[in-house]
Amino acid sequence: MYQIYPRSFADSNGDGIGDLPGITSRLDYLVDLGVDVIWLSPVYRSPQDDNGYDISDYRDIEPMFGTLADFDELLTQIHARGMKLVMDLVVNHTSDEHPWFIESRSSLDNPKRDWYWWRDGQDGQPPTNWGSIFSGSAWELDQTTGQYYLHLFTRKQPDLNWENPQVRHAVYDLMNWWLDRGVDGFRMDVINLISKHAALPQAEVPIGEIYGDGGPYYMNGPRLHEFLHEMYLNVFAGRDAELLTVGECPGTSVEQARLLTDQQRHELDMVFQFEHMQIDHGRSKWDLQGLKLVDLKQNLAKWQYGLADVGWNSLYWNNHDQPRVVSRFGDPAYWYESATLLGAVLHLHRGTPYVYQGEELGMTNYPFTDVSQFVDVESLNYYHQAVEQQGRDPRTVLCALEAIGRDNARTPMQWDGCDQAGFTTGTPWLAVNPNSGRINAAAQVGDPESVYSWYRRLIALRHQDPVVRDGRFELLLPADPQVYAFTRTLGDDRLLVVANFGREPVLVPMEMDGEIVLCNYREPVGQDLRPWEIRVFRQRVA
Ligand code: GLC
Ligand code: CA
């Protein structure tokens with residue numbers, strides 16, 4: 001699966017914003033890479049408060065991205081190349097500019113009033129003390145009726161009330177509309193937030209914080225499975241078995257993921273879980289700690305074992321919400337070695353691997369130096385709350401934004417070494433990374449020793465090799481702080497993966513033998529792994 005963030009992929013008309021014709025013009029690149037399915041981040045009509053994750057019309061294309069005719073052309077061209085297209089489905093919330101919300105807010109007795117979460121305040125305070133995931137209160141007072149509405153994200157993203165069956169059926173209708181148009185499935189945005197504990201209890205407020213964490217009352221809520229199964233019956237049942245669904249599920253455990261992706265239950269094909277993305281977090285995502293390899297590999301292994309027999313994994317390091325993995329878990333001094341190592345470790349786990357645009361080139365974080373360079377609403381809201389309301393040191397807050405802010409992932413795709421990296425002929429909406437002269441597709445596509453060619457090999461290996469697809473996973477050396485080693489076994493066929501997550505050469509305390517399948521140095525030599533070296537061997541099981 002390859003994720004396209006349309007704003008930042010390819011601009012066809014020089015307005016500095018990526019668009020649908022831009023994507024269409026680059027499809028052969030994705031074919032060459034070996035992509036099967038494209039996940040397209042939202043292109044629906046939207047005021048763009050959260051770059052399209054705030055939708056004001058589910059049945060139209062945002063003009064800055066193109067038209068429905070451009071969309072149909074893109075879909076036709078994707079299908080003509082044997083690929084599929086999965087749409088982003090954002091239905092935990094809408095935009096506050098969606099007609100449903102405009103109606104809902106207009107009066108206490110509007111028929112759509114109950115489509116959102118409206119409540120009275122208490123003594124001038126919001127109905128609950130929950131914080132928004134994007135800082136501030138999760139409630140906004142609306143002057144029209146004097147009530148508050150719930151928004152787990154920005155105040156321009158009011159939460160839909162899934163308790164109301166009319167809401168659910170309106171969502172199923174729009175999903176069917178897109179499937180009838182020919183799309184091949186959905187990536188469902190924060191889908192495990194759709195069922196809230198209807199009593200909306202107060203949350204505990206951690207020391208030093210202004211708001212409480214309402215997560216326990218809105219994540220994986222009591223009716224989640226029921227809603228997803230109902231969605232299946234109303235949308236997917238009886239359609240082409242080739243449709244694909246993946247649910248974004250922050251705060252989901254292995255046990256919940258097993259239920260969500262158990263084929264017998266007909267809910268989702270796979271989920272995005274977040275545990276490995278939080279492995280370097282401290283008290284919050286803004287409090288980054290260094291990576292402890294032992295934690296990372298034990299966590300990934302837990303998910304491999306937990307979904308081995310029932311359910312299915314998705315595998316990812318990157319998306320439009322995460323910093324670039326080579327900057328985060330890799331090492332800029334060993335850019336090629338660490339980018340290829342991270343790619344291979346991920347792709348050789350069991351599950352469906354995701355590549356986020358530019359990951360296959362080893363794109364890195366942006367060298368931010370000032371808060372004025374950030375555009376992302378999550379980063380800016382956090383900065384203002386932390387600095388202005390909580391009095392935190394601006395320098396420390398800026399450091400956090402630089403390391404983990406979402407704009408790191410959103411700088412334009414680096415197509416070539418020309419001006420603006422070949423992304424646009426105009427001024428890009430977000431600055432191009434200054435390393436685009438060195439890190440770009442044109443430099444890497446024909447080069448057999450590039451990060452791109454390595455990803456191409458990984459994808460080809462998965463297509464050709466049943467053990468990569470289906471092999472049983474086993475973690476080796478679980479306590480080793482620097483070596484990530486595991487096997488994948490299918491019948492008498494086994495792959496042994498051994499990777500050095502560090503700059504120091506390391507003597508691997510076990511036998512490495514077999515036929516060499518991959519190595520990110522010219523040749524494997526001896527028992528020592530060099531900085532960020534990975535070797536993959538094929539073995540016969542006796
Ligand atoms: C998901 C999206 C993120 C968005 C949020 C609210 O986490 O991936 O980009 O901001 O949901 O829709
Ligand atoms: Ca454009």
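The values are calculated or read from the model by the stated rules, or taken from the named source; none is laboratory data. Remember, predicted model here, so these are calculated numbers, not experimental data. Neighbour counts are summed over all protein chains in view; Cβ atoms, including those assigned to glycine, are modelled from backbone coordinates with ideal geometry. Just the protein is used for accessible areas: all its heavy atoms, side chains included, with ligands, DNA and RNA removed. Shrake-Rupley method; radii C 1.70, N 1.55, O 1.52, S 1.80 Å.
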Sparse-neighbour loop sites [trypsin sites (Lys or Arg not before Pro); region 268-352; at most 13 other C-beta within 10 Å; DSSP]
283, 292
Could you pull the Cα extents of the chain along its three principal axes, largest to smallest, in whole Å?
75, 53, 50
Hey, can you grab everything whose amide H is under 5 Å from the amide H of residue 61? Only 5+ residues off in sequence or another chain; H modelled, so Pro and N-termini drop out.
45, 68
Counting only DSSP beta bridges with both residues in the chain, what percent are antiparallel, rounded to the nearest 5?
65
In region 213-367, with Lys and Arg counted as +1 and Asp and Glu as -1 at Cβ, which of these residues, 218, 289, 236, has the Cα nearest the positive end of the dipole, that is, farthest along it?
289
The chain: angle of helix 293-306 to the longest principal axis, Cα-based, in degrees nearest 10
80
Charge tally in the Cβ shell below 12 Å around residue 241, where Lys, Arg are +1 and Asp, Glu are -1, residue 241 excluded:
-3
Given H placed on each backbone N at 1.01 Å, which residues far from residue 95 in sequence or on other chains put an amide H within less than 5 Å of it?
55, 56
How would you rank 217-228, 109-120, highest first, on the average number of other Cβ atoms within 10 Å across their residues?
217-228, 109-120
Can you pull out the trypsin sites (Lys or Arg not before Pro) in region 41-83 whose DSSP state is coil and whose Cβ has at most 13 other Cβ atoms within 10 Å?
81
Cβ-defined net charge surrounding residue 373, 10 Å radius [Lys, Arg +1; Asp, Glu -1]
-3
The chain - percent relative contact order, Cα under 8 Å, separation 6 or more
12
Amide H of residue 476 versus every other amide H placed in the peptide plane: which residues, excluding those fewer than 5 positions away on the same chain, fall under 5 Å?
485, 486, 487
Backbone HN-Hα couplings from phi across region 533-542 [Karplus 6.51/-1.76/1.60, Hz, Gly and Pro as x]
7, 10, 10, 10, 10, 9, 10, 9, 8, 5
Using alpha carbon centers only, region 517-542 is separated from region 111-140 by a whole-angstrom value of 55
From the convex hull of the Cα coordinates of region 67-185, what is the mean projected area in square nanometres?
8.9
Farthest positive-ward along the chain dipole, Cα basis, beta-carbon charges - from 526, 272, 385
526
How far is the Cα center of region 71-93 from the Cα center of region 369-400, in Å?
35
Backbone HN-Hα couplings from phi across region 15-25 [Karplus 6.51/-1.76/1.60, Hz, Gly and Pro as x]:
8, x, 10, x, 8, 5, x, x, 4, 4, 6
Rounded to the nearest 20 debye, dipole of region 433-542 from Cβ charges on Lys, Arg, Asp, Glu
380
Got a sec? What order do 418, 519, 399 fall in by accessible area at 1.4 Å, biggest, i.e. largest, first?
418, 399, 519
Degrees between helix 394-404 axis and first principal axis of the chain (Cα, 0 to 90, nearest 10):
60
Among trypsin sites (Lys or Arg not before Pro) in region 375-421, those in a DSSP loop whose Cβ has at most 11 other Cβ atoms within 10 Å are none
Applied in sequence order to region 344-351, the curve 6.51 cos²θ - 1.76 cosθ + 1.60 (Karplus, θ = phi - 60°) yields integer Hz couplings, x standing for Gly and Pro, of 5, 4, 5, 5, 9, 6, 8, x
What do you get for the angle between helix 165-181 and the principal long axis of the chain? Use alpha-carbon atoms, 0 to 90 degrees, nearest ten.
50
Note down the magnitude of the dipole of region 18-147 about its Cα centre, charges +1 on Lys and Arg C-beta and -1 on Asp and Glu C-beta and zero elsewhere, to the nearest 20 debye.
260
Quick check: the distance between the Cα centres of region 153-191 and region 11-45, to the nearest angstrom?
23
Measuring from its Cα centre, the chain shows a charge dipole (+1 at each Lys and Arg Cβ, -1 at each Asp and Glu Cβ) which, in debye to the nearest 20, is 960
